[in-house]
Amino acid sequence: MTPEAAITGGHSPDRFVTTRWSVVLSCADLKASTQTVRNALAELCQMYWRPIFAFVSRSGYSIEDAQDLTQDFFLMVLEGHLLGRADPNKGRFRSLLLKALKDFLHDARDKRKARKRGGDVQFIRWDEWMAEFPSQFSISAGDSETWPAEKLFDVRWAATVVEHALHRLGEECERRGRRRVFDVLRSCLGAEREDVSYSNFAKALGLPESSVKRLVHQMRKRYRALLREEVADTTAGPDQVDDEL
């Protein structure tokens, strides 16, 4: 198998037909969510906890309080309170989640002493999640302290989408014995063409420069496709993907 075939040989499932968020939206008018909907919501929450936590932290809470509030917010989501606010005409999970989070924090300020947040249920396994999905995108301390909470939320959201797309591409390459190719070339997937040193990559991989150029082209094409799929999972339909991107 050629390096190019190893990169492009994967076939993605038809995620644009049934995405996680479309499953949730399709049942938004039900009184009680099904297990399928709960699973879809749980997976979305597990993927996008970083922007939630960043927003809460930037809203003036300590790390410990922000963890508790993030935990409690997710429990509220899984209990079904978010579904009643779902609007298929504004079907971005990101937008709905941020609106619900703002309302939740407003209520939490009034009720923070009424009960112990989170109860006995721990939805977020902080150490496990951070170890499994370490963030490759850092925000400086200065930006974290000066950016509005909404901007931090959006930046963290975008970083999460990118990281999941890269993670999936890395797994695809590894299954085809091309993990080394991915590790060497991943840094250039979002770079401008003039910033890519094909000769250096060719030396690192022991391949002709012409082969490296083809690999970069194929990996970028596959990365863009995976990025679209990740975005599609948080929108109501494929017609909203380009706008969200």
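The values are calculated or read from the model by the stated rules, or taken from the named source; none is laboratory data. Everything numeric in this text was worked out from a predicted model, so none of it was measured. Here the Cβ is made from the backbone with ideal geometry for all residues, glycine too, and neighbour counts use every protein chain on show.
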- prompt: Across the stretch 91-111, what is the number of residues that are in contact with a Lys or Arg (Cβ under 9 Å, 6 or more places away or on another chain) and modelled with pLDDT of 80 or more?
  reply: 5
message: Based on this model, can you work out whether R180 counts as of a type outside the set (D, E), surrounded by fewer than 17 Cβ atoms within 10 Å (Cβ to Cβ) and modelled with pLDDT of 90 or more?
response: yes
message: Within the stretch 202-212, does at least one residue satisfy the condition of being under 30 Å from A42 (Cα atoms) and in contact with a Lys or Arg (Cβ under 9 Å, 6 or more places away or on another chain)?
response: no
Those residues of the stretch 221-239 which are surrounded by fewer than 17 Cβ atoms within 10 Å (Cβ to Cβ) and either over 22 Å from E171 (Cβ atoms) or among the charged types (D, E, K, R) (or both), in sequence order: K221, R224, G237, P238, D239
field: Checking A159 against (1) out of contact with any Ser or Thr (no Cβ under 7 Å at 6 or more places or on another chain); (2) surrounded by 12 or more Cβ atoms within 10 Å (Cβ to Cβ); (3) in a helix (DSSP H, G or I), the condition it does not meet
entry: (1)
- prompt: Of the numbered conditions (1) at pLDDT below 85; (2) more than 17 Å from F53 (Cβ to Cβ); (3) exposed (fewer than 15 other Cβ atoms within 10 Å of the Cβ); (4) not small (G, A, S), D143 satisfies every one except a single condition; which is it?
  reply: (2)
query: Do you know which residues across the stretch 48-65 are of a type in the set (A, V, I, L, M) and crowded, with 21+ Cβ neighbours inside 10 Å?
result: I52, A54, V56
